[in-house]
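In what follows, a structure is listed as structure tokens, so that the remarks can point back to it.
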Amino acid sequence: FVPIIAGKVSMYVCGMTVYDYCHLGHARVMVVFDMIVRWLRVSNYKVKYVRNITDIDDKIIKRAYENNESIKKLTNRFIRAMREDARKLGVKRPTRAPHATDYIDGMVRMISALIEKRHAYQAQGKDKHGDVFYSVTSFADYGKLSGKSLEDLRAGERVEVDTHTRDPMDFVLWKSAKPGEPSWDSPWGKGRPGWHIECSVMGEHHLGEHFDIHGGGQDLQFPHHENEIAQSEGAHDCKFVNYWMHNGFVRVDEEKMSKSLGNFFTIREILK
């Protein structure tokens, strides 16, 4: 490991989407990267560790609606619970824990830059006119992290065909507002950001256009981290991250932990 700046380490880790209590998989992310930060610090590196909080997405909107409570009330409650769980696990707080909704202006700026550089486009058609998509074929290195080619992805992935995109692999950067959903102003009308853009923007804001380490769960390698590379390198024309690190899945009785299999445990259930 050779840092960009001698003696200093910049590290970003994809954090939680706060609509429910943290589970054992989240505990693994917290503990693994806490251990890495501690190891770097005792190795005499000064570490800036950023782990974001996703406080707007489809699951959050749906859960707030089901609970008949505001999005802010829901997310604040689960942020408090997440911090409580981390504290009980002995995990230190990251240097920064940015909330996605505080960086909407930066996301609009990055999307605008991607449109200008012809990496992104506004959807056609009245009902989708406010949507903006990333054009994966515009980025020559798409697939370099996961080792997947676009041809393999098109053949192997069950891609839901969106008639408003130029390619089935193109992904959303900005979603036009639906009635009753939270929204922000943008050059493409009222809407909210897609999931992938938030980490590109928060990483850049706190660590710069090029930083040392980016981490997260194994399930984020594709498409989330692949899309982050396409966005950040497309916008800034420089390398995004030097080292990618992914923790493995939590397995219970040789199967991946998931709600559908009924082998799903929250941190607070286990700690009891």
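Taking the listed residues Ile61, Ile56, Ile4, the one that is under 26 Å from Val250 (Cα atoms) and either of a type outside the set (Lys, Arg) or touching a residue at least 60 places away in the same chain (Cβ under 8 Å) (or both) is Ile56, with no other qualifying.
Only residues that are without any contact (Cβ under 8 Å) to a residue 60 or more places away in the chain and crowded, with 19+ Cβ neighbours inside 10 Å were counted in the stretch 7-32, giving 2.
Yes or no, residue by residue, for (1) in a loop (DSSP other than H, G, I, E, B); (2) of a type in the set (A, V, I, L, M):
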position: Met11; (1), (2): no, yes
position: His26; (1), (2): no, no
position: Arg41; (1), (2): no, no
position: Asn44; (1), (2): yes, no
position: Val47; (1), (2): no, yes
position: Arg80; (1), (2): no, no
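Does the stretch 68-78 contain at least one residue that is hydrophobic (A, V, I, L, M, F, W, C) and over 21 Å from the mean Cα position of the chain (by Cα)? For the stretch 68-78, residues hydrophobic (A, V, I, L, M, F, W, C) and over 21 Å from the mean Cα position of the chain (by Cα): absent. Of all residues in the stretch 85-102, those that are open to solvent by 40 Å² or more (accessible area, probe 1.4 Å), part of a helix (DSSP H, G or I) and either within 15 Å of Leu24 (Cα to Cα) or touching a residue at least 60 places away in the same chain (Cβ under 8 Å) (or both) total 2. Considering only residues in the stretch 55-77 that are acidic (Asp, Glu) and closer than 14 Å to His99 by Cα, the one that is surrounded by the fewest Cβ atoms within 10 Å (Cβ to Cβ) turns out to be Asp57. Report the residue count in the stretch 108-128 for those that are open to solvent by 50 Å² or more (accessible area, probe 1.4 Å) and in a helix (DSSP H, G or I). Going through the stretch 108-128 one residue at a time, the tally reaches 6. Please work out which residue is nearest to Leu145 (Cα to Cα), limiting yourself to the stretch 239-266 and to residues that are touching a residue at least 40 places away in the same chain (Cβ under 8 Å) and in contact with a Leu (Cβ under 7 Å, 6 or more places away or on another chain). So, considering only residues that are touching a residue at least 40 places away in the same chain (Cβ under 8 Å) and in contact with a Leu (Cβ under 7 Å, 6 or more places away or on another chain), the one nearest to Leu145 (Cα to Cα) is Trp244.
Out of Met35, Met82, one residue alone is open to solvent by less than 60 Å² (accessible area, probe 1.4 Å) and either within 21 Å of Asn247 (Cα to Cα) or modelled with pLDDT of 95 or more (or both). It is Met82.
Give the residue, chosen from Gly194, Gly208, Gly215, Gly203, that is open to solvent by less than 40 Å² (accessible area, probe 1.4 Å), in contact (Cβ under 8 Å) with a residue 12 or more places away in the chain, under 22 Å from Tyr12 (Cβ atoms) and touching a helix residue (DSSP H, G or I) at 6+ places or on another chain (Cβ under 6 Å).
Values: Gly194 fails: touching a helix residue (DSSP H, G or I) at 6+ places or on another chain (Cβ under 6 Å); Gly208 fails: touching a helix residue (DSSP H, G or I) at 6+ places or on another chain (Cβ under 6 Å); Gly203 fails: touching a helix residue (DSSP H, G or I) at 6+ places or on another chain (Cβ under 6 Å).
The unique qualifying residue is Gly215.
Among the residues of the stretch 218-238, the ones that are under 18 Å from the mean Cα position of the chain (by Cα) and open to solvent by 30 Å² or more (accessible area, probe 1.4 Å) come to 5 in all.
So, in the stretch 129-145, exactly how many residues are under 16 Å from Asn227 (Cα atoms) and either buried (at least 18 other Cβ atoms within 10 Å of the Cβ) or under 19 Å from the mean Cα position of the chain (by Cα) (or both)? Number satisfying all stated conditions: 11. Within the stretch 239-270, being open to solvent by 60 Å² or more (accessible area, probe 1.4 Å) and at pLDDT below 90 holds for Phe249, Arg251, Asp253, Glu254, Glu255, Lys256, Lys259, Ser260, Leu261, Gly262.
The values are calculated or read from the model by the stated rules, or taken from the named source; none is laboratory data. Note that this is a predicted model, so its numbers are computed, not measured. In this analysis, Cβ positions are derived from the backbone assuming ideal geometry, glycine residues included, and neighbour counts consider all displayed protein chains. For accessibility, only protein heavy atoms count, side chains too; no ligands or nucleic acids. Shrake-Rupley method; radii C 1.70, N 1.55, O 1.52, S 1.80 Å.
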